[in-house]
1. Any idea which residue in the range 93-134 is farthest from Ser145 (Cα to Cα), counting only those that are open to solvent by 70 Å² or more (accessible area, probe 1.4 Å) and in a strand (DSSP E or B)?
2. Out of curiosity, is Ile27 open to solvent by less than 20 Å² (accessible area, probe 1.4 Å), in contact (Cβ under 8 Å) with a residue 60 or more places away in the chain and in contact with a Lys or Arg (Cβ under 6 Å, 6 or more places away or on another chain)?
3. For Glu105, state whether it is out of contact with any strand residue (DSSP E or B) (no Cβ under 9 Å at 6 or more places or on another chain), over 28 Å from Val22 (Cβ atoms) and among the charged types (D, E, K, R).
4. Filter the range 41-58 down to the residues that are open to solvent by 10 Å² or more (accessible area, probe 1.4 Å) and in a strand (DSSP E or B) and list them by number.
5. Output the qualifying pairs, or none if there are none: Cβ atoms under 7 angstrom, residues six or more apart or on different chains, first residue in the range 66-85 and open to solvent by less than 70 Å² (accessible area, probe 1.4 Å), second residue outside any strand (DSSP E or B) and charged (D, E, K, R).
Amino acid sequence: MLSLITINKYRKNVNINSFKNVIEDIILSEKTTKEKQQAICDFLQSEISYYDWVGFYFKNGEKEELKLAEFTGEPTEHTIIPFGKGICGQVALSNENFIVQDVTEQENYISCGWKVKSEIVIPIFVNGENIGQIDIDSHTVNPFSNDDTKLLEFICSKIATLY
């Protein structure tokens, strides 16, 4: 187990307000929805050192599954995730944020690669319906804080305006 001193060296000082401004600019840009989502993925991964994989999953039509949309990071074989399976699948059913600071402590975890040590998933709601989620994987144990949750909830609220 990494010590807090070791973990903290991985964290950048995250200025949530400046990040929110960049996200607002992306959302208000003339880009397509897919381009906006990709720009958000790219921005987050480049600016937050412990965001090693950033992606969006959305409900796949009327099916009880999620389909991978835009992402940044290593390719994943998990392009379709059944509801209830893994962290993303659980969020599709629970409609609640899910933070796993150490994936080895989570039974219903789908491994996306041996480097992944933690994951945070925040749902996206449109008119009260969970339409998808943002998923962040980290190669660091215990990296996520309340600031991450607040930032990702803000992003999800902005993404919802595109649907």
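The values are calculated or read from the model by the stated rules, or taken from the named source; none is laboratory data. In this text, all values refer to a predicted model and were calculated from it rather than measured experimentally. Here Cβ is always computed from backbone atoms with ideal geometry, including for glycine, and neighbour counts include all displayed protein chains. Keep in mind that these areas ignore ligands, DNA and RNA; they rest on the heavy atoms of the full protein, side chains included. Shrake-Rupley method; radii C 1.70, N 1.55, O 1.52, S 1.80 Å.
1. Once the filter is applied, the top-ranked residue is Glu129.
2. It is true that Ile27 is open to solvent by less than 20 Å² (accessible area, probe 1.4 Å), in contact (Cβ under 8 Å) with a residue 60 or more places away in the chain and in contact with a Lys or Arg (Cβ under 6 Å, 6 or more places away or on another chain).
3. Yes; evaluated as a whole, the condition is true for this residue.
4. Trp53, Phe58
5. Sorted first by the residue in the range 66-85, then by its partner, the pairs are Glu70/Lys34; Thr72/Asp42; Gly73/Asp52; Pro82/Glu64; Phe83/Glu64.
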